[in-house]
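Trainee: Shown below is the structure under consideration.
Nothing in this text is a laboratory measurement; each read-out follows from the coordinates by a stated rule. Here the structure is a predicted model, which means the values were calculated and not measured. Heads up, the Cβs are rebuilt from the backbone with ideal geometry, glycines too, and the neighbour counts pull from every protein chain shown.
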Amino acid sequence: MDKLASLLHTTPAIAWMVLKVVIVFAGVMSLAAIFTWVERRGSAMIQDRIGPNRAALFGKIRIIGLAQILADGIKMFFKEDLIPAAANRGLFFLAPFLAFVPALLGFAVIPFGKSFVSGGTTYHLSVLDPGNGMGMLYPLAIGGMAVYGVLVAAWSSNNKWSILGGMRSSAAMVSYEIGMSLAVVSIFMTAGGYDPAEIIKAQGHQPWTWNIVRQPLGFIVFFTCMFAETNRLPFDFAEGESEIVAGFNTEFGSMKYSLMALAEYSHMMTASALIATLYFGGWQVPFVKDPSVLLSVACFVVKLVFFAWVFVWIRWTVPRFRYDQLMKLGWKRMLPLSMVNLVFHAWRMSQGH
Amino acid sequence: MGVVVKKAELSWLDRTYVWPVLKGMAITFDHFIKQLFTPTSKRYTIQYPEMKKEMPDGYRGLHELKRFEDGAIKCVACFMCQEACPARCISIEAEEFSDLNITQGFEEKRPAQFKIDMLRCIYCGMCEEACPKDAIWLRKDYELAAYDRLSMQFGKWDLMNTYAEADGKDRISQDPTPSVPRRTIVM
């Protein structure tokens, strides 16, 4: 690390930071891109179809259709980039970035592996080191910002269907944010801190001491709210072919649309990272007390991919909600449930001490 | 008079929503695993260029003009198919031929030209129905596409050879007996 840093005329701290940023964002983005393919193949398999398996490298190497990602990217890149005449041009350009950037930023505090000591300095495997004072509040806040992407996209395209989709989506996000935050608060309480490193440490390495076992109710609430948060089925109210055309991204084409679609998948990655960190012990390897760094990273990636797959899986299992059902579920079920969860754990802690 | 629709009574377990979702996930996962480990040849999807669908009996695809063992055309140019054709895509020109073995020295009719415009044909099978000699069949080839209009005009020899490869027969491009030159009738 020192050699590399001196080669690039930077300090080791900066070089390590740049390396982490590149690894994390390249990793998350490529995982998101792969999951666009996984979603299509997975849904096909679930519905007894085959899915995209034809795209091949140089027309020969098929690699089970993985080249479809590349093909889609190239196609999107060369499409015409239309802007509606009545659109708000500035915001129209900004919207895909507003959707995409928060989806990636949320990943910054999540530790994706065990910290290790090398040459007298401790290296933490998360973009922002633990003890930065923001902790888990940061991804929640950034996640709340994701609604701007949808809403700005909807409003700037000056389209009635778009604005309907954007409004519905932002309403859903606002309603589910509360239940989600309360579920997370009870984790903060039991873990005694809101830093992800502390939360992971508090969960330990035995699967039955993870928060999924300690707070199953909180998990159900948080998991459901994550679906609403990422705008995925069964809560995909930003879209809706039968009602509001394509919803908030009706007017978007070319790379703008591609970025919007990728934002959804990046959001999914961040959400599954949050689920893994909060409820499934983060990088902790089950039954292994002191795992090696590589093993812990691999375990985290496995958890991340599994929960991203659960997102896909649920999407192709559960039918969509009606809008009033969504609101009813959000305010009358999820919010009281997370309240009960919070009060129950507060009561247990008060009995314990 | 309205119909009273009785709503299904859900048990408390079903009303939690979580349990039914888990059941549904089990079903979809079952489908996923089954489809994942089914070999390609046993899946419902027919992967077209590599795999082809076996058409059912009675399918009406590309025509074939049948021939005798010696390669002589079965068609006697009676024009029944041309008359029966609702799309008017068949056009026949007749000629006379004579062969001592087959026609005992008399002149017989056969098509000199037998054209089907495959762009007009609706594959209704009326020509097959109308034919008194079973000389035209609609068979199972359905891959009828071409890059230009001209290659969709099938002539007599095209039609006689449409299934030559499939049946393992030789391609022919000549009648076994020459036609009789048209005689000028001197009154």
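Trainee: Say we join alpha carbon atoms closer than 10 Å with springs in a Gaussian network model of chain A; which of A:VAL109, A:VAL38, A:VAL245 then has the biggest fluctuation?
Mentor: Per the Cα network of chain A with a 10 Å cutoff, A:VAL245 tops the list.
Trainee: Then there's this: Neighbouring Cβ atoms within 10 Å as the yardstick, rank B:GLU69, B:GLU95, B:GLU143, A:GLU229 fewest first.
Mentor: Listed from fewest to most nearby Cβ atoms, that is B:GLU69, B:GLU143, B:GLU95, A:GLU229.
Trainee: Right, another one. Counting other C-beta atoms within 10 Å, which of A:SER175, A:SER292 has the fewest, and how do the rest follow? Write out the running numbers ahead of the final one.
Mentor: Working: A:SER175 19, A:SER292 13.
Listed from fewest to most nearby Cβ atoms, that is A:SER292, A:SER175.
Trainee: Which of the helices in chain A meet the span-like rule: DSSP H, Cα axial reach of 27 Å or more, Kyte-Doolittle mean at least -0.5?
Mentor: A:12-46, A:137-156, A:160-191, A:254-279, A:293-315
Trainee: Along its three principal axes, how long is the stretch A:58-98 when you only count alpha carbons? Whole Å, largest extent first please.
Mentor: The principal-axis extents, from largest down, are 45, 20, 10 Å.
Trainee: Could you name the aspartates and glutamates whose alpha carbon sits less than 12 Å from that of B:LYS109, not counting residues in the same chain fewer than 8 places away?
Mentor: Here the aspartates and glutamates satisfying the reach criterion relative to B:LYS109 are B:GLU93, B:GLU95, B:GLU96, B:ASP99.
Trainee: Fewest to most neighbouring Cβ within 10 Å: what's the order for B:LYS169, A:LYS201, B:LYS6?
Mentor: B:LYS6, B:LYS169, A:LYS201
Trainee: When the scattering of the stretch A:161-210 is computed by the Debye formula from its Cα atoms alone, each counted once and equally, what is log10 I(q)/I(0) at q = 0.16, 0.20 Å⁻¹?
Mentor: Calculated log10 I(q)/I(0) at the listed q: -0.60, -0.71.
Trainee: Only Lys, Arg, Asp and Glu count, each charged at its Cβ (+1, +1, -1, -1), so figure out the dipole size of the stretch A:261-353 about its Cα centre, rounded to 20 debye.
Mentor: Magnitude of the dipole: close to 380 debye.
Trainee: Taking a cut-off of 26 Å between Cα atoms, list the lysines near B:LYS140, but don't count ones fewer than 8 places away on the same chain.
Mentor: B:LYS42, B:LYS52, B:LYS53, B:LYS66, B:LYS74, B:LYS115, B:LYS156, B:LYS169
Trainee: Comparing B:GLY61, B:GLY71, B:GLY168, which has the greatest mean-square fluctuation in the GNM of chain B with Cα pairs linked when under 10 Å apart?
Mentor: B:GLY168
Trainee: Using Cα springs under 10 Å in a Gaussian network model of chain A, which residue among A:GLY240, A:GLY42, A:GLY120 shows the largest mean-square fluctuation?
Mentor: Highest fluctuation of the listed residues: A:GLY120.
Trainee: Using only the Cα atoms of the stretch B:63-167, what semi-axes does the equivalent ellipsoid have when each is the square root of 5 times a gyration tensor eigenvalue? Give whole Å, largest first. Spell out each step's value before the answer.
Mentor: Numbers: eigenvalues 118, 46, 32 Å².
After diagonalising the Cα gyration tensor, the semi-axes are 24, 15, 13 Å.
Trainee: I've got another one for you. Need one number for chain B: average projected area of the convex hull over its C-alpha atoms, nm².
Mentor: Spelled out: convex hull of the Cα atoms, projected over all directions, averaged, 22.8 nm².
Trainee: Could you give the size of the charge dipole of the protein assembly as shown about its Cα centre, using +1 on the Cβ of each K and R and -1 on the Cβ of each D and E, expressed in debye and rounded to the nearest 20?
Mentor: Details: 54 positive and 47 negative charges, 309 e Å.
In debye, rounded to 20, the protein assembly as shown gives about 1480.
Trainee: Taking 8 Å as the Cα distance limit and 6 or more residues as the minimum spacing, I'd like the relative contact order of chain A as a percentage. Walk me through the numbers on the way to the answer.
Mentor: On the way: 537 pairs, mean separation 77.6, N = 353.
Relative contact order for chain A comes out at 22 percent.
Trainee: Which residue, A:GLN215, B:ILE27, A:ASN158, has the largest displacement toward the positive end of the dipole of the protein assembly as shown when charges sit on each Cβ (Lys, Arg +1; Asp, Glu -1)?
Mentor: Of the listed residues, the answer is A:GLN215.
Trainee: Treating only the Cβ of Lys, Arg, Asp and Glu as charged (+1, +1, -1, -1), what charge dipole size does the stretch B:10-51 show about its Cα centre? Round to the nearest 20 debye.
Mentor: Numbers: 5 positive and 3 negative charges, 12 e Å.
Dipole size: approximately 60 debye.
Trainee: Classify the stretch B:1-93 as rounded, prolate or oblate from the Cα gyration tensor: take a ≥ b ≥ c as the square roots of its eigenvalues, call it rounded if a/c is under 1.5, otherwise prolate when a/b beats b/c and oblate if not.
Mentor: It is oblate, given that a/c is not under 1.5 and a/b is not larger than b/c.
Trainee: Sticking with this structure for a sec: Where does chain A land at 222 nm, in deg cm²/dmol rounded to the nearest 500, when only DSSP H runs of n ≥ 4 count, each adding -39500 (n - 2.57), divided by all residues?
Mentor: -21000 deg cm²/dmol
Trainee: Name the residue from A:SER30, A:ALA44, A:PHE116 whose Cα lies farthest towards the positive end of the charge dipole of chain A, charges +1 on Cβ of Lys and Arg and -1 on Cβ of Asp and Glu.
Mentor: Going by the Cα projections, it comes out as A:ALA44.
Trainee: Normalising by the residue count of chain B, find the relative contact order in percent from Cα pairs under 8 Å and 6+ residues apart.
Mentor: Contact order relative to length: 24 percent.
Trainee: As a test of the formula, what do you get for chain B when each DSSP H run with n ≥ 4 contributes -39,500 (n - 2.57) and the sum is divided by the residue count, at 222 nm and rounded to the nearest 500 deg cm²/dmol?
Mentor: The helix contribution divided over chain B gives -6000 deg cm²/dmol.
Trainee: Given A:ALA85, A:CYS225, B:LEU159, which one lies farthest toward the positive end of the charge dipole of the protein assembly as shown, if we put +1 on the Cβ of every Lys and Arg and -1 on the Cβ of every Asp and Glu?
Mentor: So the residue furthest toward the plus end is A:CYS225.
Trainee: Once you wrap a convex hull around the alpha carbon atoms of chain A, what is its projected area averaged over all directions, in nm²?
Mentor: The number I arrive at for chain A is 20.9 nm².
Trainee: Okay, moving on. Given A:LYS303/B:LYS34; A:LYS75/B:LYS34; A:LYS3/A:LYS289; A:LYS160/A:LYS256, which pairs have Cα atoms separated by over 21 Å? Spell out each step's value before the answer.
Mentor: Details: A:LYS303/B:LYS34 24 Å; A:LYS75/B:LYS34 33 Å; A:LYS3/A:LYS289 33 Å; A:LYS160/A:LYS256 19 Å.
Going by Cα-Cα distance, A:LYS303/B:LYS34; A:LYS75/B:LYS34; A:LYS3/A:LYS289 fall outside the 21 Å limit.
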